[in-house]
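Single-structure report; data block below.
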Amino acid sequence: MAKALYIAEKPSVAQEFAKALKLEMRNHNGYKECETAVVTWCVGHLVTMSYPEVYDEKYKKWSLETLPFLPEEFLYEVIPSAKNQYEIVSQLLNREDVDTIYVCTDSGREGEYIYRLVEQMSGVKDKGKQRKRVWIDSQTEEEILRGIREARDLSEYDNLCAAAYLRAKEDYLMGINFTRLLSLRYGNSMANFLNQKYCSISVGRVMTCVLGLSLIHI
C-alpha cells in the first residue's frame, strides 16, 4: 500500500502532525508509522556546507595566498551529530512504498532550506514521487489539517528555495573569506591587545549584529 511521508523540522512538531492525523501510529527509531502514513522529523539542520579544506587540503592552512576562496561548485555534507537522523529521513524518502512527500518544515526560507538540503543529499528528486509543501501559521490541529489539505506542489516554492541557497552561500563566502583575511591582517595586533597568544576575528551575519550592539553599549 502506498504511503504518505510527512517531514517536520523538529520532533515536537512531528508529534503535533501525528496527533492531528488521528492515525494509530507505531513508534520507531526516528519516526512513526501506520498503514497509510509515516511521520518523521529533522533536528534542525541535518546537512551543511563543507569547509574549504574538503575542497583542497591547501585551504586547511589560513593564508593570504589562498584568498579569496570562491568555489565553482559548492559541496555539502551531513552534520556528524545529526548523522543518525539524516540516515533515517533519507531512507524514508527513498522507500518504494512512499509515493507522496509532505514537506512540513517551518514556513519560511530557513525551513525550506533545511528540507531541500536533505532532499538534495538523498537524491529523492529523481524518484518520481509527488512532493507537496505544507504551509501553516500555527501548530493547532485545525491549521495542520488545513495545511495538509491545501498543500501545493513543492515546485511552487522553488524561488524561495533559490533565495535560501543564495543567502547561505553569501553568508558562507563572507564569513570564511573575511574571517581569514581580518585574522591574518589584524589577529596578532588583537592578540597583543588582549594579552593572548592567538586571536581570530570572526565575521558572520549573527556575530556582526552582536558586535554592533556591544559597541552601542560601549
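Tallying residues that are closer than 19 Å to VAL118 by Cβ and of a type in the set (S, T, N, Q) within region 35-87 yields 6. Just so you know, in region 22-66 the residues that are touching a residue at least 40 places away in the same chain (Cβ under 8 Å) and of a type in the set (A, V, I, L, M) include one that is surrounded by the most Cβ atoms within 10 Å (Cβ to Cβ), and it is LEU46.
Please enumerate the residues belonging to region 141-194 that are exposed (fewer than 14 other Cβ atoms within 10 Å of the Cβ), closer than 30 Å to LEU64 by Cβ and within 26 Å of the chain's Cα centre (by Cα). Matches in region 141-194: LEU166, LYS169, GLU170.
So if I check each of SER50, SER12, SER90, which one is of a type in the set (S, T, N, Q), touching a Ser or Thr at 6+ places or on another chain (Cβ under 6 Å) and at pLDDT 95 or above? Only one candidate passes the filter, namely SER90. For region 1-15, a residue qualifies if it is surrounded by fewer than 21 Cβ atoms within 10 Å (Cβ to Cβ), of a type in the set (D, E, K, R) and in contact (Cβ under 8 Å) with a residue 60 or more places away in the chain, and exactly one does: LYS3. The residues listed here are TRP62, TRP41; of these, the one that is touching a Lys or Arg at 6+ places or on another chain (Cβ under 8 Å), modelled with pLDDT of 95 or more and within 17 Å of THR179 (Cα to Cα) is TRP62.
One residue alone among ARG116, ARG95 is touching a Cys at 6+ places or on another chain (Cβ under 7 Å) and on the phi < 0 side of the Ramachandran plot, and that residue is ARG116. A count restricted to region 92-110 and to residues that are over 16 Å from ALA164 (Cα atoms) and surrounded by fewer than 17 Cβ atoms within 10 Å (Cβ to Cβ) stands at 6. All conditions but one from (1) among the basic types (Lys, Arg); (2) within 22 Å of GLU16 (Cα to Cα); (3) in contact with a helix residue (DSSP H, G or I) (Cβ under 9 Å, 6 or more places away or on another chain) apply to ARG152; the one that does not is (3).
Total residues in region 111-130 satisfying the condition of being open to solvent by less than 40 Å² (accessible area, probe 1.4 Å), in contact with an Asp or Glu (Cβ under 8 Å, 6 or more places away or on another chain) and not in a helix (DSSP H, G or I): the figure is 1.
Note on region 106-140: residues that are more than 12 Å from the chain's Cα centre (by Cα) and under 17 Å from TYR86 (Cα atoms) amount to 4. Among the residues of region 92-110, those that are assigned to a loop (DSSP other than H, G, I, E, B), under 15 Å from ALA151 (Cα atoms) and in contact (Cβ under 8 Å) with a residue 40 or more places away in the chain comprise THR105, ASP106.
Scanning region 72-91 for residues that are open to solvent by less than 30 Å² (accessible area, probe 1.4 Å) and in contact (Cβ under 8 Å) with a residue 60 or more places away in the chain yields a single hit, VAL89.
The values are calculated or read from the model by the stated rules, or taken from the named source; none is laboratory data. Everything quoted here is computed from the prediction, not taken from an experiment. Every residue, glycine among them, receives a Cβ derived from its backbone with ideal geometry; neighbour counts consider all protein chains shown. Ligands, DNA and RNA are stripped out before the accessible areas are found, and what is left, the full protein with its side chains, is counted by its heavy atoms. Shrake-Rupley method; radii C 1.70, N 1.55, O 1.52, S 1.80 Å.
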